[in-house]
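The values are calculated or read from the model by the stated rules, or taken from the named source; none is laboratory data. Please read all numbers here as calculations on a predicted model, not as lab measurements. Don't worry about glycine lacking a Cβ; one is built from the backbone with ideal geometry, like all the others, and counts go over all protein chains shown.
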Amino acid sequence: MKTLFLSIIALATTSLASSAQTTLHDAYMSISDIPGMKVKNDMTVQVNGKADINSARTATAKTDENADRLRNEFSEIIETLPDSEMLINTNDQHEFATVFAEPSDHNLYNVLILQGDAITGVFSATYGTTTADGVKAISSYDPAIDGNDLVLTPMSTTSGHFITMSE
């Protein structure tokens, strides 16, 4: 009886822990609902010459007075996402760029790109789908931030590909 009781508690704890993690879609929706975020739908973002992020939706905000609040809200959402789905993470005390990917239907992957700059007050989230080649391309790049762009530089060259996060 004691073993059965402990097994039920372990199962309940595991279920609660897994339900606490947020999906990339839910994270994007939470960010797009933040007051001041402007949403642009149905874009294609080129990752490299062979892969794109399709059906992309981008929520952006530029603020002078609420940058710390936005940085904190983005950070809280990032903390709810599974570390195992993180492809890229680059940050310093003022700027950050993080890319997540999770498997979806039909051999596609959902991708969430989060970027923020507390100095300029520009914050954005892009959510869309890509292929396994797109995930591989994103994860094989060295990330950096250049203004409002996430720069993905192939590790073997010095020329970079930009993922623009603003209009």
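Assorted remarks:
- If you go through region 62-97 and keep only what is in contact with a helix residue (DSSP H, G or I) (Cβ under 6 Å, 6 or more places away or on another chain) and within 22 Å of Met43 (Cα to Cα), you end up with just Leu87.
- All positions within region 107-126 that are modelled with pLDDT of 90 or more, surrounded by fewer than 24 Cβ atoms within 10 Å (Cβ to Cβ) and in contact with a His (Cβ under 9 Å, 6 or more places away or on another chain): Asn110
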